[in-house]
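Below: one structure, written as structure tokens.
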Amino acid sequence: MLLKEFPDIHWLKGQIQSRFANQKTWDGRKLKQQGWPTIILNTKARNILRENISGPLSIFTTLHGSSSVAVGSKQVNVNENTFFISNPNQEYTLSIPDEAETFNIHVGEKVGAEIWYHASHSTNFLLDYPFETSTSPELHNRVHWRDARFNSIVGQLKGVDGETEEQELLGELILWLLEDKINSAKKSANLQATKSATREEITRRLHLATDLIYTHFDRHLSLDDLARISCLSKFHFIRLFKAYFQQSPHQFITRIRLEKSISYLKSSGYGVKEISQKVGIENASSFSRLFRNHFGVYPTQLRPNHF
């Protein structure tokens with residue numbers, strides 16, 4: 001269900017409290033069952049504050065501008081390059097101070113439970129138990145980088161035609177999240193810590209650094225800044241970061257900057273110098289060299305008529 005405006009906050013909290021017992025949407029449509037429905041909020045808004053909403057699995061993105069999302073004591077900025085996840089029954093607060101276009105995906109309880117169940121079991125198991133459901137696993141409340149696959153799914157959801165296509169795309173999106181969770185667990189296994197609780201805490205702290213990188217990759221980010229926000233000493237941070245991500249903080253930041261430069265090359269008329277500055281690389285020659293080392297071609301070769 002795609003909505004172009006935020007539902008009245010008092011109405012929404014009443015519906016959440018009753019688990020949508022009247023099976024009605026904000027615009028009066030009839031729901032198939034009680035519980036949170038799937039809602040995609042593609043709104044253009046400003047001066048918005050929506051506090052303490054107990055939602056379903058929610059994926060916060062912006063297509064233009066930025067928003068702020070808080071879960072517990074954690075507050076992050078979500079911009080055009082990133083997204084943030086809150087888990088079912090977690091209270092979130094959404095703030096949009098300046099003009100922004102949101103694309104927030106709230107996955108309905110029943111749909112989410114069915115998709116998680118089928119995404120996390122083998123074919124043989126599903127043949128024997130095809131109609132069960134399961135609760136979604138706890139996902140890290142952290143900033144995620146929007147890759148090409150994520151952007152493709154969001155782009156298709158924006159033009160979705162009917163419930164069938166919507167559920168297919170939500171299934172693909174949740175599969176992407178499950179794969180990300182599995183990859184995160186594999187990375188945690190690279191950490192030299194015997195206790196799972198210690199690995200979990202290290203992972204949480206390292207993602208505080210990536211939250212900062214994803215949000216402010218275009219700024220100068222020092223090792224001191226990244227180590228400080230991770231609550232680690234500088235050289236301990238470097239060692240743990242390399243063990244987890246299999247690359248240094250500098251290599252990680254450079255990769256993010258170069259990936260963002262691709263979108264500028266494809267969708268803007270900026271020159272090489274402007275793009276290099278926008279992604280946080282001051283020297284255009286250094287940017288071109290790094291780009292070629294990473295992608296095998298110079299940026300001018302991707303868009304020769306523009307430079």
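The values are calculated or read from the model by the stated rules, or taken from the named source; none is laboratory data. Treat the numbers as computed from the prediction; the structure is a model and nothing was measured. Reconstructed Cβ throughout: ideal geometry from the backbone, glycine too, with neighbour counts over all protein chains shown. Keep in mind that these areas ignore ligands, DNA and RNA; they rest on the heavy atoms of the full protein, side chains included. Shrake-Rupley method; radii C 1.70, N 1.55, O 1.52, S 1.80 Å.
Here are a few things to note about the model shown:
- Packing-based order for 245-251, 151-157, using average beta carbon neighbours within 10 Å, highest first: 151-157, 245-251
- Tilt relative to the chain, helix 109-119 - C-alpha long axis, 0 to 90 degrees, to 10: 60 degrees
- Summing charges over neighbours of residue 160, with a neighbour being any other residue whose Cβ is under 15 Å away from its Cβ, gives -4 when K and R count +1 and D and E count -1.
- From phi via Karplus (6.51, -1.76, 1.60), per-residue ³J(HN,Hα) for the range 238-249 in Hz, x at Gly/Pro: 4, 5, 5, 4, 5, 5, 7, 8, 6, 7, 6, x
- In summary, the aspartates and glutamates within cross-link reach of residue 158, defined as a Cα separation below 20 angstrom excluding same-chain residues under 8 places away, comprise 5, 27, 80, 99, 101, 147, 166, 168, 172.
- Sites matching trypsin sites (Lys or Arg not before Pro) across the range 41-111 that sit in DSSP coil, with at most 11 neighbouring C-beta atoms within 10 Å: 46
- Using a simple spin-label model with pseudo-atoms 7 Å out from Cα toward Cβ, residue 122 and residue 289 lie 5.2 nm apart.
- For residue 48, nonlocal amide neighbours, meaning residues 5 or more places apart or on other chains whose placed amide H falls under 5 Å from its own, are 96.
- 3J(HN,Hα) along the range 215-230, derived from phi through the Karplus expression 6.51 cos²θ - 1.76 cosθ + 1.60 where θ = phi - 60°, amounts to 7, 10, 4, 7, 9, 6, 10, 8, 4, 4, 4, 5, 5, 5, 5, 8 Hz, with x in place of Gly and Pro.
- Tilt relative to the chain, helix 148-158 - C-alpha long axis, 0 to 90 degrees, to 10: 40 degrees
- To the nearest 10, the accessible area of residue 300 is 60 Å² with a 1.4 Å probe.
- Shown here is the pair-distance distribution of the range 171-211: with all Cα-Cα distances grouped in 10 Å bins from zero up to the longest one, the shares run 28, 47, 23, 2 percent.
- The chain - Rg (one decimal) and Dmax (whole number), Cα, Å: 20.9, 62
- Solvent-free Debye calculation, one equal scatterer per alpha-carbon of the range 145-242: log10 I(q)/I(0) at 0.23 Å⁻¹ equals -1.14.
- Cβ crowding within 10 Å averaged over residues, with 26-32, 289-295, 86-92 ranked highest first: 86-92, 289-295, 26-32
- Relative contact order %, the range 15-143, counting alpha carbon pairs below 8 Å whose residues are six or more apart: 28 percent
- Highest to lowest packing among 191-199, 209-217, 235-243, scored as the average C-beta count within 10 Å: 209-217, 235-243, 191-199
- Under a model in which nothing but the beta-carbon of Lys, Arg (+1) and Asp, Glu (-1) is charged, the chain shows a dipole of about 1020 debye around its Cα centre.
- Semi-axis lengths (Å, descending) of the ellipsoid that matches the C-alpha gyration tensor of the range 11-100: 24, 15, 11
- Charging the Cβ of each Asp and Glu at -1 and of each Lys and Arg at +1, and nothing else, the dipole of the range 106-259 about its Cα centre rounds to 1280 debye.
- Principal-axis tilt of helix 284-295 within the chain, Cα atoms, nearest 10 degrees: 60 degrees
- Summed over qualifying helices (DSSP H, 4 residues or more, each -39500 (n - 2.57)) and divided by its residue number, the chain shows a 222 nm mean residue ellipticity of -15000 deg cm²/dmol.
- The 3J(HN,Hα) values that the Karplus relation (6.51, -1.76, 1.60; θ = phi - 60°) gives for the range 27-35 are, in residue order, 9, x, 5, 8, 8, 6, 8, 6, x Hz. Gly and Pro appear as x.
- Most mobile listed residue (267, 288, 233) in the chain, GNM with C-alpha springs under 10 Å: 267
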